[in-house]
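The values are calculated or read from the model by the stated rules, or taken from the named source; none is laboratory data. Model, not experiment: these values are computed from the prediction. Using ideal geometry, Cβ is built from the backbone for each residue, glycine included, and neighbour counts are taken over all protein chains shown.
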Amino acid sequence: MNKTNENSHSKVPSVVIAALRGGSGKTIASLGIIRALNRRGMEVGCFKKGPDYIDAAWLALAAKRACYNLDPFLMDEETIKKSFSLRAKTAQFSVIEGNRGLFDGLDLQGSASTARLASLLGTPVILVVDCTKATRTIAAMVLGCMRFDPDVSFLGVILNQVAGPRHEKVVTEAIVSYTGLPVLGHIPRLRKDPLPMRHLGLTPTDEFTGATQALDQLADIAEANMDLGRLIELANKKATEIDPNITKEKLFNCNNKSFSGITIGIIRDAAFQFYYPENIEALRCLGAKTIFLKATTDSSIPSVDGIYIGGGFPETQASQLSKNESFKRALHSLCEKGLPVYAECGGLMYLGQSIHWDKQDFPMAGIIPYKFEMEKRPVGHGYTRIKFLKDSPFFKKGAEIKGHEFHYSRPVPCAKNKRAGNFACRVLRGTGFDGKNEGYVIGNTFSTYTHVHVLGEQSWASSFLEGVSRAKQA
């Protein structure tokens, strides 16, 4: 199949991979399909519904192109459509992996659900169903989903946890007979999960050396057990409408570039992997230059005007981060001199005094007066809203931003630094530092548990760069 640089049509074949609940096989099915189509020479666009970094990284590796998040809570409807159009128009086929159960949302109406996203885009759903210890009942569940919301279009079903040929035959016949939907294939019961799991779920691709082999194994499963040709054919018949004229400038509202001459250092390594590609694209779209740094291995920090530290797993890399004294000293010195630093979650932990992990204390950069204890259960998990009660390096008093948090760390106040800081924000939704306070500010350093997506907070990139510019001119 020939590759194409851009689809000139206003419709593109695409599917939403959804399920009845989390843990039903959406990720395995999505990765297998994407990798199999990619191996056939197709350009596959990939998307993840909801705030997620780890699944998105796996989807990106499978497709060999960036994965973009679509979130009906964080983003308005027009922004979702624009974002999908911009990425899907350069692909021959697109896959959106849902999250949780198909109709699960934040309210009775399921306003932020996978179903809402599918109906908003007009993209048909492939339902992945876990068939463990069930046969004909599976058809009843599929039929219930079909009748629950008439605005959701269904393309077909993929069976997961299939015990053998007889099991597959009985379930398939029941679904086809009672629902009319085609069964597009199955995933057999596997003796071992090819995807590595650990304390926060799926292991990130950057920390798993066998990621490529695992994806190829999933592609082999898809090729052997799914009718990919029929899947493509049906998706073409229900192709999704897009705007082929959308551009990054229109998406990010950055037609007037105003921050040329600004260089942002982004710490990205095995410890800090959680960055939405749109956030970095928005900084560049506004004219800033970005360079990548490694807190785990770099011995120094080059000349930059500001630093962005995303989330990740500093606890699993705590030993390496702790031993890299020269980088910690360089960052500490720059913060004391007033270099603007924006840190989210894992980045926040790195700015602290220490991380307690695996019964050990690992000294960190020592910039804010908190140490971090790792708990066995999530301390903060879900969508967030924070309001600024005072000015900060990047946001003014009165500003409200929304985002999300997912952390097992608990901040513990410790001896004050010579340069004590303060909290700039109050938590309106979520946990933050302690259920009340968020956004710790010390000098020009701003640290928060809230992850922000620029398409949910359109002013994020410009607010960040304005703060950097002010400090540079001071």
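Observations, loosely collected:
- Qualifying residue in the stretch 339-352 (condition: more than 20 Å from the chain's Cα centre (by Cα) and over 17 Å from Gly265 (Cα atoms)): yes
- Hits in the stretch 389-417 (condition: closer than 15 Å to Thr450 by Cβ and within 22 Å of the chain's Cα centre (by Cα)): Glu400, Ile401, Lys402, Gly403, His404, Glu405, Phe406, His407, Ser409
- Flag: Ala282 does not match the condition of being within 23 Å of Cys67 (Cβ to Cβ), surrounded by fewer than 24 Cβ atoms within 10 Å (Cβ to Cβ) and not basic (Lys, Arg).
- Flag for Leu143 being at pLDDT below 95, out of contact with any Leu (no Cβ under 8 Å at 6 or more places or on another chain) and in the same structural domain as Thr27 (by TED's automatic domain parsing): no
- Residue in the stretch 34-66 that is surrounded by the most Cβ atoms within 10 Å (Cβ to Cβ), counting only those that are within 14 Å of Ile232 (Cα to Cα) and in contact with a strand residue (DSSP E or B) (Cβ under 6 Å, 6 or more places away or on another chain): Ile34
- Qualifying residue in the stretch 315-328 (condition: aliphatic (A, V, I, L, M), part of a helix (DSSP H, G or I) and crowded, with 19+ Cβ neighbours inside 10 Å): yes
Rundown of residues vs (1) among the polar types (S, T, N, Q); (2) over 15 Å from the mean Cα position of the chain (by Cα), yes/no style:
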| site | (1), (2) |
| --- | --- |
| Trp58 | no, no |
| Lys64 | no, yes |
| Tyr68 | no, no |
| Phe73 | no, no |
| Glu77 | no, yes |
| Ile80 | no, no |
| Leu86 | no, yes |
| Phe93 | no, yes |
| Asn99 | yes, no |
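- Residue match in the stretch 313-328 (condition: touching a Pro at 6+ places or on another chain (Cβ under 8 Å), closer than 15 Å to Lys294 by Cα and at pLDDT below 95): yes
- Residue match in the stretch 185-208 (condition: more than 30 Å from Arg268 (Cα to Cα), assigned by TED's automatic domain parsing to the domain that holds Ala60 and among the hydroxyl-bearing types (Ser, Thr, Tyr)): no
- Test: residue in the stretch 251-266 that is closer than 20 Å to Ala57 by Cβ, modelled with pLDDT of 95 or more and outside the structural domain of Leu86 (by TED's automatic domain parsing): yes
- Positions within the stretch 134-175 being assigned to a loop (DSSP other than H, G, I, E, B) and either in contact with a strand residue (DSSP E or B) (Cβ under 9 Å, 6 or more places away or on another chain) or hydroxyl-bearing (Ser, Thr, Tyr) (or both), in sequence order: Thr135, Val152, Ser153, Ala163, Gly164
- Output for the stretch 189-224, where each listed residue is surrounded by 13 or more Cβ atoms within 10 Å (Cβ to Cβ), of a type outside the set (Gly, Ala, Ser) and in a helix (DSSP H, G or I): Thr205, Asp206, Glu207, Thr212, Leu215, Asp216, Gln217, Leu218, Asp220, Ile221, Glu223
- Candidates Leu181, Leu143, filtered to the one that is in contact with a Gly (Cβ under 7 Å, 6 or more places away or on another chain), surrounded by 15 or more Cβ atoms within 10 Å (Cβ to Cβ) and over 30 Å from Phe274 (Cα atoms): Leu181
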